[in-house]
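> Handing you a structure now.
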Amino acid sequence: MLDRRSTLVSLLLLSCLAAVGKDKKKVILPVDVLQAQTVLVVIDPGAGVSADAPLANRTARDDVEKALMNWGRFRLALTASDADLIISVRKGSGRMAQPTIGGMPDDRPVIFEPSESGPRVGGQRGTPPPLSQPTGSQPQAPYPQVEVGQSQDMFSVYRGKRNNALDAPPVWRYVATDALRSPGVPAVNEFRKAVVEAEKQQATNP
């Protein structure tokens, strides 16, 4: 009896593996992401400011924006309401846990910077509306916290033009050591590869 059950289980596992092997039409990126024209880059709302590298997340955000401009596929948006996609970045510390200051506003002054695809001009006054609904009784003023499990850089792509956009699951994510490192910014290169592959997939399977 046990041998028969073992045989049945083995056959079921083999069937599942065969089905996975035949699934070559897995969607890499949805069509609306491929049709996106504007993108907003923000710092992950859950990311705090580290005493060791207080500008790490802001620098990563700026480096991602420059890499996207050099790519030339998207126009940078200044508000979530104008963005087809929202990219959230979070710089890893290389440690599994570190104390930071949370609740810091993700604002920026007027900017004018050159890039390979032209100058980047923009600005923002005050604190932008939240892209994620705060949980519990999280204070609005800066507060101490301990970030756990964020040792690597994170680059997450979400659909824009919606309330609390970052509360939805990301449509694409890349997590790796130095994924946001300039000047190469590997996360942008990987996203670019995913877009190219998805377009090839769409062309062969309309």
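> Keeping to the stretch 174-185, report how many residues are exposed (fewer than 15 other Cβ atoms within 10 Å of the Cβ) and either among the small types (Gly, Ala, Ser) or under 15 Å from ASP44 (Cβ atoms) (or both).
Of the residues in the stretch 174-185, 2 are exposed (fewer than 15 other Cβ atoms within 10 Å of the Cβ) and either among the small types (Gly, Ala, Ser) or under 15 Å from ASP44 (Cβ atoms) (or both).
> Another question about this same structure. I'd like the residue in the stretch 51-88 that is small (Gly, Ala, Ser), touching a Pro at 6+ places or on another chain (Cβ under 9 Å) and under 17 Å from ALA179 (Cβ atoms) and, out of all such residues, is surrounded by the most Cβ atoms within 10 Å (Cβ to Cβ).
SER88
> Condition test on PRO45, is it more than 14 Å from the chain's Cα centre (by Cα), more than 21 Å from ARG192 (Cα to Cα), in a loop (DSSP other than H, G, I, E, B) and at pLDDT below 90?
no
> Something else: Based on this model, can you work out whether TYR158 counts as touching an Asp or Glu at 6+ places or on another chain (Cβ under 7 Å), at pLDDT 95 or above and not polar (S, T, N, Q)?
In short, no.
The values are calculated or read from the model by the stated rules, or taken from the named source; none is laboratory data. All values derive from a computational prediction rather than experimental measurement. Cβ sites come from the backbone with ideal geometry, for glycine too, and all protein chains shown count toward neighbours.
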